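Please treat every number below as a calculation from the coordinates, not as lab data. Owing to the predicted nature of the structure, the values given are computational and were not obtained by experimental measurement. For neighbour counting, all protein chains shown are included, and Cβ atoms are generated from backbone atoms with ideal geometry for every residue, glycine included.
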Amino acid sequence: MFVEARLDEEDSPSTSKRSSLSNNSAKKSSLGEIMEMEEMRKEKTNHKDYWLFENTVVKILTKKLGEDYYKKKGIIEKVEYRSVAYVRLLEKDTR
């Protein structure tokens, strides 16, 4: 939600105060930009392209594995090739 605020000419600060306010906002915005750039750089260095990790709880949502496994929760035991995982079901001790 955005709120727009306007000052009447009577309520507006003097020109010297306006310039100091604009300088402060420019400094804050440049500082904010630097902080955002730094965060983006950190995210890029720490970002991993895959989401499968060991000990992650997952839910099986494919019917191709059969009705016995559909909508069951499990824990990832082992990850291979970043996209293949061995899952141990929480309800049963099967793989």
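Each label was represented as a point 7 Å from its Cα along the Cα-to-Cβ direction; for LEU31 and LYS78 these points are 5.3 nm apart.
Could you calculate the FRET efficiency of ARG88 with LYS44 from 1/(1 + (r/R0)^6), where r is the beta carbon distance between them and R0 is 35 Å, rounded to 0.05?
In this case the efficiency is close to 0.55.
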